[in-house]
Amino acid sequence: MKRLFLILAVLMLAVPTLKAEEEAGFDPGSMIIGHVTDAHSWHMFDYTSADGTEHAVAIPLPVILWNDGRLDVFSSAKFHHGHADYRGYRLVGGGAEKEEIVCVDEAGNPTGAKPLDLSITKTAAAIMIAAVLLIVIVFIARAGYKKRPNQAPKGLQSLVEMLVVFVRDSIAHPMIGEGKYQRYLPYLLTLFFFIFLCNILGLIPFFPAGANITGNIAVTATLAVITFLITNISGNRHYWTDIFNTPGVPAWLKVFPLMPVVELVGVFTKPIVLMIRLFANMTAGHIVILGFIVIIFILSNLFGMAVGGAVSVVSVLFSVFISLLECLVAYIQAFVFTMLTALYIGMAVAEPHHAE
């Protein structure tokens, strides 16, 4: 259903985009992509002053650059939202184009060089906020157990305990097995709570939420790499034997060796699937919601405010519906990522079953 809405939104945007840009200078594609991608500042809103000048209100973030053996640290506010150079650097891109920092000479001409960018971007700052918030939630639940020992959970403690028990009894235990799941339970709990919290924060459209954390391919890739390392480091002899000497396969397929290559490729495709699934689903949801919103402004530019106002009712209703659906997807994607991680680990540590 989400993919159907995404296709409809794209089709509705494609036709009037060029005309809307020509008449009002509004680029819906740039606006949508700009909201779901990373940036060097945390954009809040825009306003127009009395003289008609448009101003952007944003929270500046630290810029950390390594260039020619020199470390440069300054605020992203020095770039004035890409309108000014600073210390031989320029902020380019944004919107539909990737935002990045390039080197310029004294005359302001790009040199073609790019510094090593170690900046705390919007996504990085949002990850820190999510991590701090998650720690606070866990410590609040922990304090509840200390104040009310051997009593039924209460308030936030009830939600945390319900999710912890769910991950333990419905994911870790059945997927990894008795006597082994306890070793991996802390990682699975961290994975589930972090993804779920980041997904929920991405649906809240104002600071300190609103960043598309799990819609950033670098974030999902990092989580997938951690799962990949834990899975293969934990793999026992039986796990690696089944990869390079697959049981039940004709000998000529092992000599060729077709099946070992297929099994080895599967070792790397599993984390890739984890990475792409989470990234694609969360990004698609944000794009669909933004697509319904920008339709209002596109039709207003084309046919007037009356048409835009009439369409806004339908667009807002669909946006609310997709937002509610995204709340469910936020939980489902956290569950699926954690469940598949536990499944991969369980396959790596499983012992062979010998016939009686």
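Here is a yes/no grid of residues against (1) within 24 Å of residue 226 (Cβ to Cβ); (2) not polar (S, T, N, Q):
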residue: 106; (1), (2): no, yes
residue: 109; (1), (2): no, no
residue: 126; (1), (2): yes, yes
residue: 132; (1), (2): yes, yes
residue: 137; (1), (2): yes, yes
residue: 149; (1), (2): no, yes
residue: 172; (1), (2): yes, yes
residue: 175; (1), (2): yes, yes
residue: 198; (1), (2): yes, yes
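Looking at (1) free of Cβ contacts under 8 Å to residues at least 12 places away in the same chain; (2) assigned to a strand (DSSP E or B), which is the one condition that is false for residue 65?
The one condition residue 65 does not meet is (1).
Evaluate the following for residue 217: is it out of contact with any helix residue (DSSP H, G or I) (no Cβ under 7 Å at 6 or more places or on another chain), surrounded by fewer than 20 Cβ atoms within 10 Å (Cβ to Cβ) and of a type in the set (Val, Ile, Thr)?
It is false that residue 217 is out of contact with any helix residue (DSSP H, G or I) (no Cβ under 7 Å at 6 or more places or on another chain), surrounded by fewer than 20 Cβ atoms within 10 Å (Cβ to Cβ) and of a type in the set (Val, Ile, Thr).
I need a count of the residues in the range 91-121 that are under 27 Å from the mean Cα position of the chain (by Cα) and farther than 16 Å from residue 68 by Cβ.
Summing the residues that are under 27 Å from the mean Cα position of the chain (by Cα) and farther than 16 Å from residue 68 by Cβ in the range 91-121 gives 13.
Check residue 73 against each of (1) part of a strand (DSSP E or B); (2) touching a residue at least 24 places away in the same chain (Cβ under 8 Å); (3) open to solvent by 50 Å² or more (accessible area, probe 1.4 Å); (4) among the aliphatic types (A, V, I, L, M) and name the one condition it does not meet.
The one condition residue 73 does not meet is (2).
Which of the residues spanning the range 101-127 are assigned to a loop (DSSP other than H, G, I, E, B) and touching a residue at least 40 places away in the same chain (Cβ under 8 Å)?
113, 115, 118, 119, 120, 121
Is it fair to say residue 136 is exposed (fewer than 15 other Cβ atoms within 10 Å of the Cβ) and either modelled with pLDDT of 90 or more or charged (D, E, K, R) (or both)?
yes
Would you say residue 256 is at pLDDT below 80 and of a type in the set (Phe, Trp, Tyr)?
yes
Can you run down the residue pairs with Cβ atoms below 6 Å, 6 or more apart or on separate chains, where the first is in the range 196-220 and over 15 Å from residue 36 (Cβ atoms) and the partner is open to solvent by 20 Å² or more (accessible area, probe 1.4 Å)?
From residues that are over 15 Å from residue 36 (Cβ atoms), the pairs are 197/134; 208/129.
Could you tell me whether residue 135 is part of a helix (DSSP H, G or I), over 18 Å from the mean Cα position of the chain (by Cα) and closer than 30 Å to residue 74 by Cβ?
So residue 135 passes the test.
Out of curiosity, is residue 59 closer than 30 Å to residue 279 by Cα, touching a Pro at 6+ places or on another chain (Cβ under 8 Å), of a type outside the set (Ser, Thr, Tyr) and in contact (Cβ under 8 Å) with a residue 40 or more places away in the chain?
Criteria not met by residue 59.
Which of the residues that make up the range 271-294 are more than 22 Å from residue 204 (Cβ to Cβ) and either crowded, with 19+ Cβ neighbours inside 10 Å or touching a Ser or Thr at 6+ places or on another chain (Cβ under 8 Å) (or both)?
Scanning the range 271-294 gives 271, 274, 275, 276.
Hey, could you check the range 86-103 for residues that are aliphatic (A, V, I, L, M) and in contact with a helix residue (DSSP H, G or I) (Cβ under 6 Å, 6 or more places away or on another chain) and say which is modelled with the highest pLDDT?
The qualifying residue modelled with the highest pLDDT is 91.
In the range 27-59, what residues are assigned to a strand (DSSP E or B) and open to solvent by 50 Å² or more (accessible area, probe 1.4 Å)?
43, 44, 45, 46, 47, 48, 54, 55, 59
Keeping to the range 237-250, report how many residues are at pLDDT 75 or above and open to solvent by less than 30 Å² (accessible area, probe 1.4 Å).
Residues in the range 237-250 being at pLDDT 75 or above and open to solvent by less than 30 Å² (accessible area, probe 1.4 Å): 2 in total.
In the range 283-323, what residues are among the aliphatic types (A, V, I, L, M) and within 21 Å of residue 213 (Cβ to Cβ)?
Across the range 283-323, the qualifying residues are 284, 287, 288, 289, 290, 293, 322.
The values are calculated or read from the model by the stated rules, or taken from the named source; none is laboratory data. In this text the structure is predicted, and so the values were computed from the model without any measurement. With ideal geometry, Cβ positions are generated from the backbone for all residues, glycine too; neighbour counts draw on all protein chains shown. Side chains are part of the model used for accessible areas, which takes the heavy atoms of the whole protein and leaves out ligands, DNA and RNA. Shrake-Rupley method; radii C 1.70, N 1.55, O 1.52, S 1.80 Å.
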